[in-house]
Amino acid sequence: MSIPPEALQKLVQEIETRAIAAQQQINIVKAQITGKQRELRLLELTSNEIGQIPKDTNVYEGVGKMFVASPITNVNKRLSTETGELKTDITNLEKKLHYLETTHKNSKSHIEQIFKTGGKS
């Protein structure tokens, strides 16, 4: 039993559209992961620098166009909270990337399989 050429062409186009969309999403997710990793590195460097200064030193955080004095403990707490959130975000983005890469790979293999069989079931 063979599939009519019109139906085969429509099927290939749908699979190809999915593959292209997955590839675009892969690029977006990779860029997001890179950005989150950069932010994480910045937070780690900031935390290391704050860890090296005496505990009684005045620390200021930027709020808009102002700077506000904050205790070092509050700054460390905020940095660790943000670090945890970023690590969670990166983990979730990596899972999404794996899913998209699998989708893309499967779409390509389906197209190859259709061409190998010549549209016959």
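Read the figures in this text as sums done on the coordinates, not as results from a lab. As the structure is a prediction and not an experimental result, all values here were calculated from the model. No Cβ is skipped: glycine too gets one built from the backbone with ideal geometry, and neighbour counts run over all protein chains shown.
Observations on the structure shown:
- Residue 7 being part of a helix (DSSP H, G or I), without any contact (Cβ under 8 Å) to a residue 12 or more places away in the chain and surrounded by 13 or more Cβ atoms within 10 Å (Cβ to Cβ): no
- Failed criterion for residue 62 (all others in (1) touching a helix residue (DSSP H, G or I) at 6+ places or on another chain (Cβ under 9 Å); (2) more than 30 Å from residue 118 (Cβ to Cβ); (3) among the small types (Gly, Ala, Ser) hold): (1)
- Tally, over segment 60-80, of residues that are assigned to a helix (DSSP H, G or I) and either in contact (Cβ under 8 Å) with a residue 60 or more places away in the chain or surrounded by fewer than 11 Cβ atoms within 10 Å (Cβ to Cβ) (or both): 1
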